[in-house]
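Presented below is the structure to which this report refers.
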Amino acid sequence: MIVTNDVIKMNLINYSNKNTKLTREVKKGKYFKIINGLYETDSNTPGYLLAGSIYGPSYLSFDFALAYYDLIPERVVNYTSATFGKKKKKEFHTNFGNFFYRDVPSQVYPYGINLIKEGEYYYQIASPEKALCDKLYTLSPLQNLQDIKLLLTEDLRIDEDDLKNLNLDDIQKLSELYHCKNVTLLYKYLRRIINE
């Protein structure tokens with residue numbers, strides 16, 4: 001379970017030096033530090049369950065979400081998340097893994113996010129369509145449909161059948177919100193291959 005420094009110290013009300021007691025509790029293995037002020041009670045908790053608590057508001061996306069949905073063949077070891085309004089990339093290297101955060105446009109941020117419950121934890125992750133759009137948003141602008149096809153099928157190695165299974169209406173709505181050439185090209189390309 002994730003706990004904050006303040007919550008732990010409230011439970012240590014009977015101790016005169018709460019910081020010293022907390023340090024001892026960490027050494028004993030009762031708490032495991034995630035980042036300053038944030039702890040986990042189970043050292044085996046998967047990092048994706050912690051990503052939203054480390055830096056937020058945020059949701060898992062980009063390469064992590066693409067791998068989560070088996071759209072890309074690579075095993076992703078970092079937790080990549082989308083934020084908005086931060087104006088800079090952020091990263092945290094912890095005992096639970098490496099966490100990377102980067103902005104997406106604020107007008108697109110709330111769309112296409114799934115809330116998942118796993119045990120006592122909740123986490124947010126982009127839908128497959130949103131994760132792909134987020135990824136394309138971070139890349140240099142492409143020029144045409146041939147470029148987007150090569151990027152999707154050769155660079156990212158997404159199977160064309162998986163692309164055809166994406167929700168075209170969701171991609172269209174997202175393309176209107178992103179104002180990004182790559183996402184617009186994605187919509188045009190998917191419309192072409194789905195309607196073939």
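Scan the range 80-117 for residues that are closer than 14 Å to Asp134 by Cα and either in contact with a His (Cβ under 7 Å, 6 or more places away or on another chain) or not charged (D, E, K, R) (or both) and the total you get is 17.
For the range 13-22, filtering for residues that are closer than 16 Å to Lys33 by Cβ and of a type outside the set (Val, Ile, Thr) leaves 4. The residues listed here are Lys28, Lys21; of these, the one that is surrounded by 14 or more Cβ atoms within 10 Å (Cβ to Cβ), free of Cβ contacts under 8 Å to residues at least 24 places away in the same chain and not assigned by TED's automatic domain parsing to the domain that holds Tyr122 is Lys21. The range 1-61 holds helices (runs of 4 or more DSSP H) entirely within its bounds, and those carrying 3 or more residues that are at pLDDT 90 or above map to 51-54. Checked against (1) more than 30 Å from Glu40 (Cα to Cα); (2) in contact with a Leu (Cβ under 9 Å, 6 or more places away or on another chain); (3) among the acidic types (Asp, Glu); (4) surrounded by fewer than 22 Cβ atoms within 10 Å (Cβ to Cβ), Glu118 meets all criteria but (1). Just wondering, is there one or more residues in the range 149-156 that are within 18 Å of Ala67 (Cα to Cα) and crowded, with 21+ Cβ neighbours inside 10 Å? Yes, that holds for at least one residue.
Within the range 33-76, the set of residues being aliphatic (A, V, I, L, M) and touching a strand residue (DSSP E or B) at 6+ places or on another chain (Cβ under 7 Å) comprises Ile34, Ile35, Leu38, Leu49, Leu50, Ala51, Ile54, Leu60, Ala65. With respect to the conditions (1) touching a residue at least 40 places away in the same chain (Cβ under 8 Å); (2) surrounded by fewer than 17 Cβ atoms within 10 Å (Cβ to Cβ), Phe62 lacks only one, and its number is (2).
The numbered conditions (1) in contact with a helix residue (DSSP H, G or I) (Cβ under 9 Å, 6 or more places away or on another chain); (2) within 30 Å of Glu176 (Cβ to Cβ) are all true for Lys87 except (1). Say we look at the range 168-196 and pick out the residues that are among the β-branched types (Val, Ile, Thr) and at pLDDT 95 or above; which of these is surrounded by the most Cβ atoms within 10 Å (Cβ to Cβ)? The residue in question is Ile171.
Within the option set Val77, Val108, being under 30 Å from Cys180 (Cβ atoms), surrounded by fewer than 15 Cβ atoms within 10 Å (Cβ to Cβ) and of a type in the set (A, V, I, L, M, F, W, C) holds for one residue only, Val77.
The values are calculated or read from the model by the stated rules, or taken from the named source; none is laboratory data. What you are looking at is a predicted structure, and each value in this text was computed from that prediction instead of being measured. No Cβ is skipped: glycine too gets one built from the backbone with ideal geometry, and neighbour counts run over all protein chains shown.
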